[in-house]
Amino acid sequence: MMSKASGRPKIIEGYEGLTEEEVELVLNYLLAHKKVFVQEFLRERGLFSSGTKESLRGRLEGYLGDGRVSGVELVALLDRIEGWGNQHIYLYKSPDQPIESWLIERLARERLSALGLIDLFNRRRPLVLPEETTLSSIVWGPERLRFVWVEKRQWEERVPEEDIEDIERLDMVWRAYRLNTTRGLTTFDWDLVSGHAMLMIQRLPSGAKYDHIRHRFEEELEPIVGLNQFQRVRVSRAIQCVERSGEARRRQLAYETRRGGKASFTSASRLSDAYADPDLQSAGQALGGETAGLLGNFYWYPVEGTLERELHSKIYAPDQRVGIFGERREREVRYVISRIRYYSS
């Protein structure tokens, strides 16, 4: 909402610098995710957390109004939720030399100033979304550096109860769709201690060419971090290791033989292991060790204190990519990625 006196966005009292429009947006973005994240946030503060998304929205608006929850807290919650689940990830390992320019805040600021990017240093991600994919925040810490691109993502949701039939023309029906908008994120996450890095592309509609998208972001990152010096991790090496590890249920496995033949095994259901079928197990054993993994579709088993529930991932050999499916917490994604890194070495 614009203030008539100043022509600038109206700041809502108690919302700590957020405009009315931004408050509306942060609530929209939060409630586009699973409601469990908002419920946990409210429970941690001793506030009521039950009900539908609509009732949770009403509660959040009330808590914002009386000061029991701040707008800044909701933005921080949104930042924690976004950018972890439903990702397609490429892994990298950097040598020591590119890290040196980023280890000290002064050096990091100097480098960003030279590149004309200093305004992005530890900047809050925008809630009002750019029309094009835009590098919007560079989050620096002494142990980690994160580059975050933001874009507007829109999709249509069918709402059949809102359909309208033309009573004058029986052959006409107006089909209703709701247009949903959310923040789309792409993140380059770089551990300045280990040199491990990953490009995380939030899942796109079916048919997206992730290798082309990866190349575009690599080109943008090259003059900033010297990405050409990084080594991209061949995650396909992990497929057969994870298969034998006992850490994950094997939903689907695909292999290529030395002569170029291909074989694929898929379990009877999502809840069963491919090799629970003795015929598939025998067929897999018959292939012997002279195969290369093409696809590993795994459900990682829960690990106390790390994975609260199974995590679904896929390892794609053709472009050396990892898919993480479902909305997940940061620690869960980092854990599974660390296991895939381990088995890729």
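The values are calculated or read from the model by the stated rules, or taken from the named source; none is laboratory data. Keep in mind that this is a model prediction, so the values were computed, not measured. Virtual Cβ from ideal backbone geometry, glycine too; neighbours counted across all protein chains shown. Just so you know, the surface numbers come from the protein's heavy atoms only, side chains and all, with ligands and any DNA or RNA stripped out. Shrake-Rupley method; radii C 1.70, N 1.55, O 1.52, S 1.80 Å.
When the accessible area of the chain is computed with all protein chains present and a 1.4 Å probe, what percentage of it is carbon and sulfur? All intermediate terms of the calculation are to be shown ahead of the outcome.
Numbers: 9070 of 18400 Å².
For the chain, the apolar C and S fraction of the accessible surface comes to 49 percent.
Lys-Lys pairs in the chain that are eight or more residues apart or on separate chains and whose Cα atoms lie under 21 Å of each other come to 7.
Close amide H partners of N86, meaning residues 5 or more places away or on another chain with modelled amide H under 5 Å apart, are F325, G326, R328. Accessible surface of S136, taken over heavy atoms with a 1.4 Å probe and every protein chain present, rounds to 10 Å². Taking S245, S113 and ordering them by how much accessible surface each has at a 1.4 Å probe, largest first, produces S113, S245. The overall shape of the range 192-345, judged from the alpha-carbon gyration tensor, is prolate: a/c is not under 1.5, and a/b is greater than b/c. Dividing the Cα radius of gyration of the chain by its Kirkwood radius returns 1.02 for Rg/Rh. Think of each Lys and Arg Cβ as +1 and each Asp and Glu Cβ as -1; about the Cα centre, that makes the dipole of the range 205-317 roughly 300 debye.
Of the residues E22, E304, E327, the one that moves most in a GNM of the chain with alpha-carbon contacts below 10 Å is E304.
Rolling a 1.4 Å probe across the protein heavy atoms gives the chain an accessible surface of 53 Å² per residue. Scaling against 2.2 N^0.38 Å puts the C-alpha radius of gyration of the range 265-345 at 1.21. Around the Cα centre of the chain, unit charges on the Cβ atoms of Lys, Arg, Asp and Glu (plus for the first two, minus for the last two) sum to a dipole of about 980 debye. When the helices of the chain are scored as -39500 (n - 2.57) per DSSP H run of n ≥ 4 and the total is divided over every residue, the value at 222 nm lands at -9500 deg cm²/dmol. Across the chain, C-alpha contacts under 8 Å between residues 6 or more apart give a mean separation that, scaled by the residue count, equals a relative contact order of 16 percent.
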